[in-house]
Amino acid sequence: MSSPDPASFDPAAGGAAEQAGCALCAWRSRRRFTGLLAGAGLAALTGRGWAQDGMRDEVGKTSTFTKLVSAEQVEAAATQQYRSMLVQARDQRALAPMDHPQVQRLRYIADRIIPHTRPWNPRAAQWKWEVNLLGSPQVNAFCMPGGKIAFYFGILHKLQLNDDEVATIMGHEAAHALREHARERMGKTAATRIGAGLVSSLLGLGGLGDAALSMGGQLLTLQFSRSDETEADLVGMDLAARAGYDPSAGVTLWQKMMAASKGAPPAFLSTHPAGDTRIRDIQDKLPKVLPLHAQAAKPQRRFAPPTAAPAG
């Protein structure tokens, strides 16, 4: 896909997948990288970074409901939807070009995080990771199955995120894909549709490919459970710390989220941890990941948030 003219990118264009994603998911209710696991990245996985478990003992096994749908088909559906979203964004002048400073920033941070994803999900080694920036004032970001990441300009600009906070969000969103939360939710929906009586005979057989295809359209609007969100917070902190970003940034991130949401309906009260609860949980778990950050190689580059106010 060709990149749009840099001058044509409109940070406030909106419209492109306005309902997509997570934005640390509680906010709403919620070019490809190659060779990322080679060289220094692979050394990071086999070195002393994983000698410490970090959050490994805080996260349980993958849900058995994921066995009801094919990972390959879920990832293929995600890729198709991601492609369609990028086409729509480009047509609306809402897809940032590769040389946009914030795109370079997002991809630099992703380059540091991605090599640490494989221990959380072996499939991540084959994923064609992508990171793009959409011109929308929404405070939002997401990672679809297969490593398809998108940030909205609004979350970078309105919250004036530093790199540690961006890494916290990116780690959280990547965690949803690594822990296959979308696949799990689709499996649960499939189980409901086919009836509980058939579930026991289907578990482990992966026999619901058609169900995965029929539900593929949910991937841009899928909402995750409270337990999914908590798990993504933990895994995201782990990933950010191993990538050399300060995991305590989750505290300032959620303080910014809470400040920005004043006067807005408490849309996330039903299924997502409230901001103050999330902050306490992050603070409680910091001792497990701060040693990872202390021994991690630190970023050689630092980036500033966007300063120009979106038009409109």
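The values are calculated or read from the model by the stated rules, or taken from the named source; none is laboratory data. Predicted model only: the values in this text are computed from it and were never measured. Because the Cβ atoms are built from the backbone with ideal geometry, glycine has one as well, and the counts that use them run over all protein chains shown.
Brief remarks on what is shown
- Candidates are the residues of the range 149-183 that are among the basic types (K, R) and surrounded by 23 or more Cβ atoms within 10 Å (Cβ to Cβ); the one that is modelled with the lowest pLDDT is R183.
Quick grid of which residues meet (1) at pLDDT below 85; (2) basic (K, R); (3) buried (at least 19 other Cβ atoms within 10 Å of the Cβ):
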site	(1), (2), (3)
A243	no, no, yes
D246	no, no, yes
T252	no, no, no
S261	yes, no, no
P265	yes, no, no
L269	yes, no, no
A274	yes, no, no
R278	no, yes, yes
D284	no, no, no
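- Residue within the range 107-123 that is within 30 Å of K262 (Cβ to Cβ), at pLDDT 95 or above and of a type outside the set (G, A, S) present: yes
- Against the list (1) under 20 Å from T62 (Cα atoms); (2) charged (D, E, K, R); (3) under 14 Å from the mean Cα position of the chain (by Cα), the condition R118 fails is (3).
- Subset of the range 121-140 that is hydrophobic (A, V, I, L, M, F, W, C) and either touching a Gly at 6+ places or on another chain (Cβ under 6 Å) or assigned to a helix (DSSP H, G or I) (or both) - its residue that is surrounded by the fewest Cβ atoms within 10 Å (Cβ to Cβ): A125
- Qualifying residue in the range 212-229 (condition: modelled with pLDDT of 90 or more, more than 18 Å from N140 (Cα to Cα), crowded, with 18+ Cβ neighbours inside 10 Å and of a type in the set (G, A, S)): no
- Yes/no for K256 being modelled with pLDDT of 80 or more, surrounded by fewer than 23 Cβ atoms within 10 Å (Cβ to Cβ) and under 15 Å from M55 (Cβ atoms): no
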